Amino acid sequence: MRSLCHDLERVIPNAIRINRGKLSFSDLIGKVFDVEADRLIIVERWKGGPGKMQFYQISSEVTHLPPLLILGGVKTQIDFGRRRRLSKNITVTVMDDPPKNIMDLAKFLSQFLKVPLSITKSSEEKVTTAIQISPIPDGGARIQFNAPPSGTEVGPRLIVKKAVWEISR
């Protein structure tokens, strides 16, 4: 769980990691205001590992943004052999003609992280620094982080079992 949060801090541009610990949600929001952040990602635990990711927009009020990502698996940078920071010039990429759920997730992450969205023509085309989103057989998505110069995967890799776009009140 902590490894994933450290990895996300390394690969997401301008990210700041805050340990929630036993803080209440309002205390956590206070810390977010202290560091003058305008967005928040909360990674929640499920059965000992990362289980959900929630996204919030922070302004004068806190807005919970869809989707809620239900994670089916995580591979950290340690699993890929070493820890690496990525360039701040990062791009969200999808393959040409992706399914609607993949395109929706890519558009959301591009807007939320304030990075460009790119559609590549084939899997042979190498994107150097990217958050690559691709479909997996059960209808979910794979989110992987690639680094230059060869565009090799450096982690973390997130398997999204389900993206819940409707937020219950």
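Among the residues in segment 5-21, are any part of a helix (DSSP H, G or I), touching a strand residue (DSSP E or B) at 6+ places or on another chain (Cβ under 8 Å) and of a type outside the set (A, V, I, L, M, F, W, C)? Yes, segment 5-21 has at least one match. Among the residues here, SER24 qualifies as of a type in the set (Ser, Thr, Tyr), out of contact with any Phe, Trp or Tyr (no Cβ under 9 Å at 6 or more places or on another chain) and more than 22 Å from LYS161 (Cα to Cα).
Checking each residue in segment 53-70 for being more than 11 Å from the chain's Cα centre (by Cα) and either in a strand (DSSP E or B) or surrounded by 15 or more Cβ atoms within 10 Å (Cβ to Cβ) (or both) picks out TYR56, GLN57, ILE58, VAL62, THR63, HIS64, LEU65, PRO66, PRO67, LEU68, ILE70.
Restricting attention to segment 29-52, the residues that are part of a strand (DSSP E or B) and either modelled with pLDDT of 95 or more or not small (Gly, Ala, Ser) (or both) total 10. Taken over segment 15-64, the criterion of being of a type in the set (Ser, Thr, Tyr) and touching a residue at least 12 places away in the same chain (Cβ under 8 Å) is satisfied by TYR56, SER59. Restricting segment 128-147 to residues that are hydroxyl-bearing (Ser, Thr, Tyr) and surrounded by fewer than 21 Cβ atoms within 10 Å (Cβ to Cβ), the residue that is farthest from GLY73 (Cα to Cα) is THR128.
The values are calculated or read from the model by the stated rules, or taken from the named source; none is laboratory data. The model shown is predicted, which means the values in this text are computed figures rather than measured ones. Positions of Cβ are backbone-derived with ideal geometry, glycine not excepted, and every protein chain shown enters the neighbour counts.
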